[in-house]
Amino acid sequence: MNLTIATPLEIVVDGADVSHLRAEDETGAFGLLPGHADFLTELAISVVTWRDEAGAEHHVAVRGGMLSVRDGALIQIATREAVPGDDLQLLET
């Protein structure tokens, strides 16, 4: 799947190859896999985590926002603020 994470000022992630993504909305955490049905949700302030095709894990802290899935292959996140990082514990704080 292709992932794009954008803020009003910049595109933080563009074109990441995603094999699995985990995010959170008001109902709790959820996961997305290739072929997921079209989907739209409002994200909570949280950390979005995904694995790429090589199995490497990536993280971006987001200050809420909207997540959409289209055609089971395109994930787009629009948020006010996004902070990428490799240290999950630091991002969660």
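The values are calculated or read from the model by the stated rules, or taken from the named source; none is laboratory data. These numbers come from a predicted model, not from an experiment. Please note: Cβ atoms are built from the backbone with ideal geometry, for glycine as well, and neighbour counts cover all protein chains shown. For the accessible areas, the whole protein counts, side chains as well, though only heavy atoms, and no ligand, DNA or RNA atoms are used. Shrake-Rupley method; radii C 1.70, N 1.55, O 1.52, S 1.80 Å.
Computed quantities for the displayed model
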item: Area accessible to solvent at Asp87, 1.4 Å probe radius, in Å²; result: 80
item: Computed [θ] at 222 nm, deg cm²/dmol, the chain (DSSP H ≥ 4; -39,500 (n - 2.57); rounded to nearest 500); result: -1000 deg cm²/dmol
item: Simple spin-label estimate for Glu92 and Phe39 in nanometres, 7 Å along Cα-Cβ; result: 2.1
item: Accessible surface, 1.4 Å probe, highest first, among residues Ile45, Ile77; result: Ile45, Ile77
item: Restricting the range 15-67 to GluC sites (Glu not before Pro) in coil, as DSSP defines it, with at most 13 other Cβ within 10 Å; result: Glu26, Glu53
item: The chain - convex hull of alpha carbons, volume per residue in Å³; result: 84
item: Cα-Cα pairs of the range 39-93 separated by more than 16 Å (percent); result: 47
item: Cβ-placed point charges (K, R +1; D, E -1), dipole of the range 48-93 about Cα centre in debye, nearest 20; result: 280
